[in-house]
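These notes are about the structure you will find just below.
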Amino acid sequence: MAIWSTEASSGELTIKIQGRFDFSAHQEFRDAYEKVSEEPKAYIVDMKETTYLDSSALGMLLLLRDHAGGDNSNIEIINCNPDVKKILTISNFEQLFTIR
Amino acid sequence: MINGTSSIAPLEEPQEQLRILIADDNDSDRLILQTIVRKEGHTVYTARDGQEAIDIFRQESPDIVLLDALMPNVDGFEAARTIKQLAGDNLVPIIFLTSLRDATSLADCLAAGGLDFLSKPYNRIILQAKIKAFASMRRLHETVQRQRDEISLHNDRLIHEQEVAKQVFDNIAHPGCIDAPNIKYLLSPMAVFNGDLVLASRKPSGGMFVFLGDFTGHGLPAAIGAMPVSEIFYGMAQKGFSLQDVLREINKKLKRILPVGVFCCACMVDLSFRKRSAEIWVGGLPDVLVYRKNSREVECLPSRHLPLGVVDNDRFKTETTVIPLELGDRIFLWSDGIIEASNDQGEMFGEERVRQVIARTENQDQIFSAIEAAVEKHAGRGEQDDDYTMVEVSMVNEEDVGEYFAERGKSFLAGGPKDWSMTYELRPQTLREFNPLPLITHLLMEVPGLRPHSGKIYTILSELYSNALEHGVLGLKSDLKASADGFARYYMERTQKLSDLYEGAVKFLIDHHPVQDGGVLTIVVEDTGPGFDFQAKESAEHKTEGYSGRGIPLIRTMCRSVRYLPPGNKVEVVFDWHVDV
């Protein structure tokens with residue numbers, strides 16, 4: 001599991017998660033959006049290389065959402081594989097995030 | 001020369017005072033050794049043979065033992081073995097003193113439990129260095145041992161705390177009527193600490209609520225949320241609140257108390273034995289499966305909602321799916337532990353395998369255990385600390401699940417309101433947004449002695465109210481409910497028409513007066529609808545086929561009289577009750 005984030009000049013923060021996204025990623029995921037030079041306008045969570053996510057990962061996504069302004073947040077979750085997508089769908093997270 | 005201690009022990013590390021046992025049958029050797037060791041500041045015990053060494057060891061339990069290999073009576077090898085036995089878990093370094101030179105003999109010293117040997121004649125520098133090395137080895141061993149004991153103590157305390165906490169949780173998050181004959185469930189004994197929760201409660205109307213919850217995380221944080229969920233669930237179920245009311249209340253509470261990121265995936269089923277139907281809400285749990293007894297087909301109800309505790313109530317949705325059920329139809333609920341149980345290749349059990357197991361299990365009563373067995377076989381472990389949670393709820397006749405109230409005996413009749421009447425009219429806005437039954441039931445339960453009859457009274461109230469609202473005010477036709485399709489359409493139309501309701505009313509007139517050891521309760525429910533041809537309907541007797549029409553005949557069996565009043569928009573029920581003496 002590895003997480004890294006890149007800030008674009010347009011004010012977007014992209015967080016990439018590689019491997020299993022579970023509780024062990026807790027601190028790293030938090031650092032990815034807390035340790036930024038500037039408050040991002042929008043967030044992109046890139047799950048292209050995410051193989052699995054568990055319920056604590058869903059919790060971490062909610063923490064990000066809260067950090068990014070709750071109902072006013074702008075977060076896209078992209079490139080989910082079918083397993084990951086299924087987990088997001090079961091939890092109906094499309095009501096809270098833009099999932100592409 | 002003899003005074004060279006400080007050159008070996010660094011100044012900043014003061015020499016540790018040890019208690020050292022020296023066993024040697026040679027008096028001069030013993031004396032030399034004793035002198036050297038004593039000069040180092042250690043306390044010395046001496047023995048002249050193996051037996052004496054063992055005896056002194058038993059009495060004084062010294063820190064290090066210097067043992068001559070060859071001694072009369074009991075030799076050094078045997079003494080070493082006994083001393084090691086006596087020392088048990090403690091590390092007592094044994095150093096053999098020997099003039100033997102051959103490799104075999106030296107190896108024998110170590111085989112007998114010695115950690116090292118020291119050749120005669122003694123070189124005091126080497127002796128001091130060895131004592132020092134073994135003293136620090138002993139300290140290390142002690143530290144490890146102490147830490148081990150602390151961990152074990154800590155663990156014991158943790159287990160004890162968990163046991164106590166579990167008792168508290170069990171008392172609050174008790175599984176209610178989970179042992180009812182129409183329910184099967186699988187829940188690990190320590191489930192509360194892996195965040196899984198199964199609750200079941202009979203409703204005053206005779207129906208049943210079943211709730212399966214799965215909190216994110218493990219341990220205490222996951223367990224804490226179970227308490228308010230359980231309290232709300234049982235408290236509201238008993239008072240006759242609807243599934244929607246209960247879920248909203250739980251969601252509100254969890255959203256308020258849980259930190260962001262902790263939530264409860266859940267599924268709740270409202271089972272009505274009389275209507276032969278189930279109303280189901282799923283938020284964040286794997287698809288609920290409905291198994292049809294006759295066709296052996298499996299329908300699936302996917303999660304349509306966010307888990308509980310994620311959003312505030314203004315965004316929280318309680319749309320449900322209402323499905324008709326035949327006797328013997330089964331509903332399966334599970335936490336993701338079943339679906340995600342992985343084998344050693346990391347491959348999950350998955351929903352497809354669940355369906356395969358269902359399809360190949362001939363005897364329908366064994367589907368539940370077949371799934372359980374298949375999951376355990378797949379995951380390849382038989383431990384108890386797994387987090388497989390699964391519930392099967394089946395449709396049975398109401399008689400088969402037993403009486404709602406087990407309360408018996410003469411109730412406390414003194415005090416309380418016994419002789420009163422009230423009217424309560426509900427206008428459109430209230431009809432749209434409020435369920436009056438819990439309130440009215442609550443009021444009636446204040447009548448001393450009436451509580452054991454709450455199940456029947458709730459049934460009467462809810463049948464009369466839903467008839468008045470659905471047929472009278474909303475104008476829905478119960479014929480719709482004759483087919484499974486129509487059944488679903490009926491409930492869709494009900495929701496639609498209710499949200500568009502701007503005129504009409506339902507009025508309750510309730511009167512209670514006491515008689516010897518009991519009372520007479522009269523309930524009149526009147527609606528603003530046009531009424532219906534009750535005489536024709538009564539003479540035709542209600543049909544009890546299909547999914548409707550069980551209400552009024554059932555009420556007739558419970559009370560003295562049920563009377564429609566012209567033009568058919570008003571019904572009067574008289575309920576006599578007595579205290580069982």
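The values are calculated or read from the model by the stated rules, or taken from the named source; none is laboratory data. It should be emphasised that the depicted structure is a prediction, and the values quoted were computed from it without experimental measurement. No Cβ is skipped: glycine too gets one built from the backbone with ideal geometry, and neighbour counts run over all protein chains shown.
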**Fill in**
Flagged in segment B:256-300 as within 22 Å of B:Y490 (Cβ to Cβ) and among the aromatic types (F, W, Y), in numbering order, are B:F273, B:W281
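Which residues, counting only those in segment B:320-357, are in contact (Cβ under 8 Å) with a residue 40 or more places away in the chain, within 14 Å of chain A (Cβ to nearest Cβ) and either more than 24 Å from A:N92 (Cα to Cα) or not in a strand (DSSP E or B) (or both)?
Selection gives B:S335, B:D336, B:G337, B:I338, B:I339, B:A341, B:E351.
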**Fill in**
When B:R101 is run through (1) surrounded by 13 or more Cβ atoms within 10 Å (Cβ to Cβ); (2) in contact with a Ser or Thr (Cβ under 8 Å, 6 or more places away or on another chain), the failure sits at (1)
**Request:** Can you work out which of the residues in segment A:45-71 that are within 13 Å of another protein chain (Cβ to nearest Cβ) and polar (S, T, N, Q) is nearest to A:H26 (Cα to Cα)?
**Result:** A:S56
**Request:** Could you name every one of the helices (runs of 4 or more DSSP H) located completely within segment B:49-117 that has at least 3 residues being farther than 29 Å from B:Q145 by Cα?
**Result:** B:103-111
**Prompt:** Can you tell which of B:A23, B:A53, B:A107 is closer than 24 Å to B:S136 by Cα, surrounded by fewer than 22 Cβ atoms within 10 Å (Cβ to Cβ) and of a type in the set (G, A, S)?
**Reply:** B:A107
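Every residue, every condition in (1) out of contact with any strand residue (DSSP E or B) (no Cβ under 8 Å at 6 or more places or on another chain); (2) of a type in the set (A, V, I, L, M, F, W, C); (3) surrounded by fewer than 10 Cβ atoms within 10 Å (Cβ to Cβ), yes or no:
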| position | (1), (2), (3) |
| --- | --- |
| B:A129 | yes, yes, no |
| B:S136 | yes, no, no |
| B:R139 | yes, no, no |
| B:D149 | yes, no, no |
| B:H154 | yes, no, no |
| B:H160 | yes, no, no |
| B:A165 | yes, yes, no |
| B:P175 | no, no, no |
| B:I178 | no, yes, no |
**Item:** Among the residues listed as B:D63, B:D75, B:D89, B:D170, the single one being more than 30 Å from B:N26 (Cβ to Cβ) and surrounded by 11 or more Cβ atoms within 10 Å (Cβ to Cβ)
**Value:** B:D170
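So that you can scan it fast, the table gives a plain yes or no per residue for (1) modelled with pLDDT of 95 or more; (2) within 11 Å of another protein chain (Cβ to nearest Cβ); (3) surrounded by fewer than 15 Cβ atoms within 10 Å (Cβ to Cβ):
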| site | (1), (2), (3) |
| --- | --- |
| A:E12 | no, no, no |
| A:Q27 | no, no, yes |
| A:R30 | no, yes, no |
| A:A42 | no, no, no |
| A:S91 | no, yes, no |
**Asked** Within segment B:131-156, which residues are farther than 17 Å from B:P62 by Cβ and either in contact with a His (Cβ under 7 Å, 6 or more places away or on another chain) or in contact (Cβ under 8 Å) with a residue 12 or more places away in the chain (or both)?
**Response** B:Q145
**Complete:** For A:D71, the lone unmet condition from (1) surrounded by 14 or more Cβ atoms within 10 Å (Cβ to Cβ); (2) part of a helix (DSSP H, G or I) is (1)
**Request:** All but one of (1) more than 9 Å from chain B (Cβ to nearest Cβ); (2) in contact with an Asp or Glu (Cβ under 9 Å, 6 or more places away or on another chain); (3) under 28 Å from B:V282 (Cβ atoms) hold for A:K86, so report the exception by its number.
**Result:** (2)
**Asked** Among the residues of segment B:180-207, which ones are out of contact with any strand residue (DSSP E or B) (no Cβ under 7 Å at 6 or more places or on another chain) and either closer than 19 Å to B:S335 by Cα or aromatic (F, W, Y) (or both)?
**Response** B:S188, B:P189, B:M190, B:A191, B:V192, B:F193, B:N194
